[in-house]
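To start, the structure itself, in structure tokens.
Please treat every number below as a calculation from the coordinates, not as lab data. The model shown is predicted, which means the values in this text are computed figures rather than measured ones. Neighbour counts run over all protein chains shown; Cβ positions are idealised from the backbone, glycine included.
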């Protein structure tokens, strides 16, 4: 039975329950102000942020929803967030007193199993202990765990973004393979007609054996392309089944056997480099890792100062057969201070300093990689549009040339070689256009992924 709540919704609830987001994130590195070679399109991100809906394909929307519910990687990421929250709760609990209760009973007997010489006695008590966090060690440990919670949420958000991208990519590749299968099938029918005419001309003595063998070769090559396209379609379909953690048979209920090649609306959103740094899940995860390293550095430094612990206990002790009972109370304080540890604490601080520096450098590197990813994706998308539009013109011309070549060949005014060249040009151009059309959609998907745009249904830190 399908789960009542999606994993993405669970992650969102976990994120909403995380308070106290660390404010001392590292300063973003200085980056470029805009994008080179951008298509000149700008826009405001819709409230839902679900860019895959801009394909206007209900089947794709349904597949993404199924992945949100059943994908194993997303469920694993959700479990990691819950683990991080539990560790944070444990660290935060150390800031408060710990109260324990105790109870004991005893009875005395004489030697050789004689009746008891006294009635049983009972002891009841409660003990409270607390480490006064004077120098902030426990507080910094709790802050580090809090940062790790938000880092795990950002990582889970990245998992969901990658999942959506893989579902969309696999779906586009499925429809592309089916489209190329159909193109190859149509071209095979045209090649078969050319072969029929060539064989007829040969039988009538109007042509040579070459008029039969060359079309036969072209027909076989085209039919071979059909087999390649079918193989690619099946591979994409099984990849979708894996992403949705289902079987191909179950997937068939949500995925129609045939469908049009998905075409996304023109690029609607292009974030600034600064927005990309603040939005990308991997950059935010690296930022929270720096916050955690900074807090642990402060916790390590606090070990060089004294630790004050307070304890109190109350209880009663007495005989079950006699009153009154004796009341017991105790109050104590302890001070633990390092005197000489052969440099152990100092070494711990130095190691924490190094880890903090590593986290800062890792954050800057991830941020710069994010900006570079978007820049490369912007150029690829813009050039993909140019290639698709040029190939669209080429397809129209190739189809027209193919029609003319077949008509003139049937009339006997051109040679077979010219017909075969026209058929090959039409076939190759149509396949190239379908590939270019799919690439535009895939490059738009890659651009949204590079910008870190993901629906707020997923976790937010």
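Could you list 288, 140, 238, 406 so that the one with the fewest beta carbons within 10 Å of its beta carbon is first and the one with the most is last?
Listed from fewest to most nearby Cβ atoms, that is 238, 406, 140, 288.
What spacing in nm lies between the two simple spin-label points modelled at residue 252 and residue 326, each 7 Å away from Cα in the Cβ direction?
So the two model labels end up 8.3 nm from each other.
How many nm separate the modelled label positions at residue 206 and residue 305, each set 7 Å beyond the Cα in the direction of the Cβ?
10.2 nm
Grab the Cα-Cα distance for residue 317 and residue 242, subtract it from 0.36 nm times how many residues apart they are, and report the gain in nm with one decimal.
20.5 nm
Please compute the length gained on full extension between residue 390 and residue 278, using 0.36 nm multiplied by the number of residues separating them and subtracting their Cα-Cα distance.
36.7 nm
Tell me the label only: which of (i) 1.26; (ii) 1.05; (iii) 0.94 is Rg/Rh (Cα atoms, Kirkwood Rh) as calculated from this structure?
(i)
On a 0 to 90° scale, report how tilted helix 416-451 is relative to the longest principal axis of the chain, with both axes built from alpha carbons and the result rounded to the nearest 10.
It is inclined by approximately 20 degrees.
Please work out how much length the chain gains when fully extended from residue 90 to residue 411, using 0.36 nm per residue of separation minus the C-alpha to C-alpha distance, in nm with one decimal.
Fully extending the segment from residue 90 to residue 411 adds 106.8 nm.
So how do 131, 258 line up by other beta-carbon neighbours within 10 Å, fewest first?
Lowest count first: 258, 131.
What is the order of 440, 349, 314, 454, fewest Cβ neighbours within 10 Å to most?
Going from least to most buried by this count: 314, 349, 440, 454.
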